[in-house]
Amino acid sequence: HHRRPRSRVPPIGDLSAGSDCMEIVSSIVKLAHSLRMTTTAEGVETIEQLFDAMRSGDSTAVRAVFHPEARMFSAVVRNGAPELQAGSIDEFVRAVGTPHAEVWDERIDDLEIEVDDPLATAWMDYRFHLGETFSHCGVNAFQFLRTAEGWQVIQITDTRRRECPPGQ
């Protein structure tokens, strides 16, 4: 059985808004576009767009990163048993756009992306804050599809916990 070669982005550090890593990724994407090239970093740009839109409460921008058939799940452990909880993209988009007192700030780290065009997978640690107050942490697993509009999220599955391992 022959496997096609895949592109792999080495782990990227802190990708919170305004971080040096995010600035570098954005610059690489702009350079590639000016040379009429596509780049794996475009998936990173889609992640950045999602979390920036969450911070600003922009439901239209949140909706734009999702494919029309996108799905959302949380993998949780309840009473010692693993469960998969389905979420609704529409409800998530509405919640982001509903005015709330605190900024929804999802801070990610240790991002890894693998690509076998037109499919990409991103794995990242995250810490979610309401304003400056820590809420929860876990891992996000994103899947993307390259479409005519660019990379779109087709699925997000996350884990959630109140206590984070050191370094997350």
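The values are calculated or read from the model by the stated rules, or taken from the named source; none is laboratory data. These numbers were taken from a predicted model, which means no experiment stands behind them. Ideal geometry is used to build each Cβ from the backbone, glycine not excepted, and the neighbour counts take in all protein chains shown. Side chains are part of the model used for accessible areas, which takes the heavy atoms of the whole protein and leaves out ligands, DNA and RNA. Shrake-Rupley method; radii C 1.70, N 1.55, O 1.52, S 1.80 Å.
For the reader, a short list of remarks on this structure follows.
- Residue within the stretch 19-33 that is open to solvent by less than 90 Å² (accessible area, probe 1.4 Å), among the β-branched types (Val, Ile, Thr) and modelled with pLDDT of 95 or more present: no
Here's the yes/no breakdown for (1) open to solvent by 40 Å² or more (accessible area, probe 1.4 Å); (2) not in a strand (DSSP E or B):
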position: VAL77; (1), (2): yes, no
position: GLN85; (1), (2): yes, no
position: GLU102; (1), (2): yes, yes
position: ALA120; (1), (2): no, no
position: ASP125; (1), (2): no, no
position: GLY138; (1), (2): no, no
position: ILE154; (1), (2): yes, no
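- Any hit, the stretch 72-84, residues being in contact with a Pro (Cβ under 8 Å, 6 or more places away or on another chain) and among the small types (Gly, Ala, Ser): yes
- Checking each residue in the stretch 65-75 for being surrounded by 17 or more Cβ atoms within 10 Å (Cβ to Cβ) and either touching a Ser or Thr at 6+ places or on another chain (Cβ under 6 Å) or more than 17 Å from THR157 (Cα to Cα) (or both) picks out only VAL65.
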